[in-house]
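A.B. asks: The following block contains the structure, expressed as structure tokens.
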Amino acid sequence: MIVLSLQCVATIRAAEPSSAEPSNAEQSDVQQLNVLMICIDDLNDWVGFLEGHPQAITPHMDALAKRGRIFSNAHCAVPVCTSSRVSVMSGVAATTHGSYEIGPRYEELPALKNLPTIQRYFKDNGYVTLEGGKVLHHGFGGRLAGDIDRSLGRKRSPRPKKPMNRPSDWSGAWDWGAFPATNAEMADHQLAKNAAAAFKEDFDKPFFMTVGFFRPHVPLYVPPKWFDLYDADSLSLPPDPKPDLNDLPKNFLTINNYAVAPTHAEVVSNGKQQSLTHAYLASISFVDHCVGVVLDALKSSQHSDDTVIVLWSDHGFHLGEKQHWAKRTLWEESTRVPLLFAGPGIQHDKACAEPASLLDVYPTLVEICNLPKSKHLEGLSLVPQLNDPATSRDRPAITSSYFGNHSLRSRDWRLIVYEDGAEELYDHRNDPDEFLNLASDPSHKATRDQLFRWLPGKAAPEYKTTSERSRVRLK
Ligand SMILES: [Ca+2]
Ligand SMILES: [Ca+2]
């Protein structure tokens, strides 16, 4: 079997003979790869190929992972929807664009005024752009409207007339249950079908298609067949050693007081941890099915051999780990995301355990597709790791959450530095659950110091005038 590096694929494509065209038409002989970018909302590492939950059923994503390169140590730039997606689509970190918490639109941020979205960049370099579902949190509006040539739709799934499972004093979005009756009623499924239909077309340009699924974001409503995949009574729940929180800085533990998610105490006192876990897993299996609809259609289309696929989620999700629910933290469950690439020239022998950031998606696709390099991109291309997963990366994956707080994740370690100087340090070789904070252990000072030097020096101020932290729910 001949294994091609990505550079080889580009070269061979450029040299492919085309009898229908004149021999001097060198430029037109270059067949650009298409791009299919699939993004998933609030999906943590509970997928088969990352083994984040022993019972997660995700056959379609696992099959894709088997034929692509998994980045098993990939992390978001900001652990919340708007800012994570702004970072991916702009290719710059929060410390440049200034959105560290839920809020602003891409086009509102002054720092992004002259920075093209990845869709715009590909369009300006000869691609036709298609996009549907949740890609940028607020969609491509205002001056971004022209970035997308064709919409694949952005519908909302139906909701039941009354809450199904949530306690009455919880936020309205925090409900879950087997609803509606069929996949066909779900917006994500309709989007998958629209994307599938588009693959039947013969485009006169290479395409850049972005498909953004809403589940497993709350509310966790998916049809009953996805709940039926799991036995609710035998689901594994995360370990919760009682002293875990004792070695944490106190300042960031208040995060549950200003986020919209229920607190761990509220979940447990209402007896809802098991059923929420069930609904989250059901939602993951549903979205996995939707990914399968798209991938199956691509596979049976004429674009099958010419399309690079990247799949990612915008951030992780806690379901009780560190007695926290949802996102926004700088711990592993919040920052770690599925990230994988598959397609022509991409090898699939081993997962890459080097640190990767969602900021790297933009420069990686630019390099894979042989587009001119753009100087504004702050991530690093993952092409060396696509060719050889053992290629080391010095730079840790940096995640920022709320102004002034950063996590630095290397291959084996995580250092968190909070705005007030408090720190956490975890050794992932021995402590993947981040139970033991080693920040004050002098024997790890060299490791801490080495990571600390990556801490962002200059940081744009938070763009929002009123921080989420100001609306503390005092109880
Ligand atoms: Ca999200
Ligand atoms: Ca601990």
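The values are calculated or read from the model by the stated rules, or taken from the named source; none is laboratory data. Since the model is a prediction, treat every value here as computed from it, not as a measurement. Neighbour counts run over all protein chains shown; Cβ positions are idealised from the backbone, glycine included. Side chains included, ligands, DNA and RNA excluded: accessible areas come from the protein's heavy atoms. Shrake-Rupley method; radii C 1.70, N 1.55, O 1.52, S 1.80 Å.
A.B. asks: Please list Arg67, Arg166 from largest to smallest accessible area, probe radius 1.4 Å, with all protein chains kept in place. Write down the numbers at each step before the final one.
C.D. replies: Working: Arg67 90, Arg166 60 Å².
In descending accessible area the options line up as Arg67, Arg166.
A.B. asks: So what J values fall out for region 44-53 if you push phi through Karplus, 6.51 cos²θ - 1.76 cosθ + 1.60 with θ = phi - 60°, rounded to Hz, Gly and Pro as x?
C.D. replies: Working through the residues one at a time gives 8, 8, 7, 10, x, 6, 9, 6, x, 9 Hz.
A.B. asks: May I pose another question? Show me the ranking of peptides 208-214, 270-276 by mean Cβ neighbours inside 10 Å, starting with the highest.
C.D. replies: 208-214, 270-276
A.B. asks: Using the Karplus curve 6.51 cos²θ - 1.76 cosθ + 1.60 with θ = phi - 60°, what ³J(HN,Hα) values do you get for each residue of region 171-186, in whole Hz, with x for Gly and Pro?
C.D. replies: Here the 3J(HN,Hα) series is 4, x, 6, 8, 10, 7, x, 7, 6, x, 6, 10, 4, 4, 7, 8 Hz.
A.B. asks: Same structure again: Kirkwood-based Rg over Rh for the chain (C-alpha set), two decimals? Spell out each step's value before the answer.
C.D. replies: On the way: Rg = 21.9 Å, Rh = 22.9 Å.
Computed over Cα atoms, the ratio is 0.96.
A.B. asks: Around Gly292, under 13 Å between beta carbons, what's the net of Lys plus Arg minus Asp minus Glu among the other residues?
C.D. replies: On the way: positive: Lys193, Lys299; negative: Asp62, Asp188, Asp288, Asp296.
Within the 13 Å Cβ shell, the charges total -2.
A.B. asks: Under the rule of at least 5 residues apart or a separate chain, name every residue whose amide H is placed under 5 Å from the amide H of His75.
C.D. replies: Amide H neighbours of His75, under 5 Å, 5+ apart: Val337, Ala356, Ser357, Leu358.
A.B. asks: Also: Can you list the aspartates and glutamates whose alpha carbon is less than 16 Å from that of Lys162, not counting same-chain residues fewer than 8 positions off?
C.D. replies: Partners within reach: Asp175.
A.B. asks: Gly153's amide H: which non-local residues (gap 5+, or another chain) put their own amide H closer than 5 Å, with H modeled 1.01 Å from N in plane and none for Pro or chain starts?
C.D. replies: Amide H to amide H, under 5 Å and 5 or more residues apart or across chains, Gly153 pairs with Gly133.
A.B. asks: At R0 = 51 Å, how high is the FRET efficiency between Asp247 and Gln302 if r is their beta carbon distance? Nearest 0.05 is fine. Don't skip to the end; give the middle numbers.
C.D. replies: Details: r = 57 Å, r/R0 = 1.11.
Approximately 0.35, to the nearest 0.05.
A.B. asks: Through the Karplus equation 6.51 cos²θ - 1.76 cosθ + 1.60, θ set to phi - 60°, convert the phi angles of region 193-206 into ³J(HN,Hα) values in whole Hz; use x for Gly and Pro.
C.D. replies: 5, 5, 5, 4, 5, 5, 5, 6, 7, 9, 7, 8, 10, x
A.B. asks: With an 8 Å Cα cut-off and a minimum separation of 6 or more residues, compute the relative contact order for the chain in percent.
C.D. replies: Rounded, it is 26 percent for the chain.
A.B. asks: Accessible area per residue of the chain at 1.4 Å probe, in Å²? Each step should come with its number before you reach the end.
C.D. replies: Numbers: 19290 Å² over 475 residues.
Ligands and nucleic acids excluded, the result is 41 Å² per residue.
A.B. asks: On alpha carbon coordinates alone, what is the Rg over Rh value for region 49-114, Rh being the Kirkwood radius?
C.D. replies: Values: Rg = 15.7 Å, Rh = 13.9 Å.
Across region 49-114, the Cα-based Rg/Rh ratio is 1.13.
A.B. asks: When a/c reaches 1.5 or more, the comparison of a/b and b/c decides; with that in mind, is region 160-312 rounded, prolate or oblate per its Cα gyration tensor? Provide the component values of the computation, followed by the final result.
C.D. replies: Values: a/c = 2.49, a/b = 1.87, b/c = 1.34.
Since a/c reaches 1.5 and a/b is larger than b/c, the shape of region 160-312 is classed as prolate.
A.B. asks: How high is the relative contact order of region 240-368, given as a whole-number percent (alpha carbon pairs under 8 Å, six or more residues apart)?
C.D. replies: Numbers: 89 pairs, mean separation 31.7, N = 129.
That works out to 25 percent.
A.B. asks: Given region 356-475, what whole percent of its Cα pairs are spread farther than 17 Å? Mind dumping the intermediate values first?
C.D. replies: Details: 4713 of 7140 pairs.
Tail fraction, whole percent: 66.
A.B. asks: Top to bottom by accessible area (1.4 Å), largest first, where do Phe227, Phe179 land? Intermediate results must be reported in sequence, preceding the final value.
C.D. replies: Numbers: Phe227 25, Phe179 60 Å².
These residues rank, largest area first, as Phe179, Phe227.
A.B. asks: Can you send over the carbon and sulfur percentage of the accessible area for the chain, probe radius 1.4 Å, protein chains only? The partial results should precede the final answer.
C.D. replies: Working: 10120 of 19290 Å².
After summing per-atom areas, the C and S share lands at 52 percent.
A.B. asks: Let me ask you something else. Given the chain, what percent of its DSSP beta bridges are antiparallel, to the nearest 5?
C.D. replies: 45 percent
A.B. asks: So who's got an amide H within less than 5 Å of the one on Gly68, skipping anything under 5 residues away but keeping other chains? H placed 1.01 Å off N, in plane.
C.D. replies: none
A.B. asks: Within the set of other residues whose C-beta is less than 11 Å from the C-beta of Thr329, count the net charge using Lys and Arg as +1 and Asp and Glu as -1.
C.D. replies: Working: positive: Lys322, Lys327, Arg328; negative: Glu321, Glu332, Glu333, Glu424, Glu434.
Charge balance near Thr329 sits at -2.
A.B. asks: Label Asp228 and Asp394 with points 7 Å out from Cα along Cα→Cβ: what is the distance between them in nm?
C.D. replies: 5.6 nm
A.B. asks: Still on this structure, please answer the following. Beyond 16 Å, what percent of the Cα pairs of region 280-352 remain?
C.D. replies: Considering region 280-352, 63 percent of its Cα-Cα pairs are separated by more than 16 Å.
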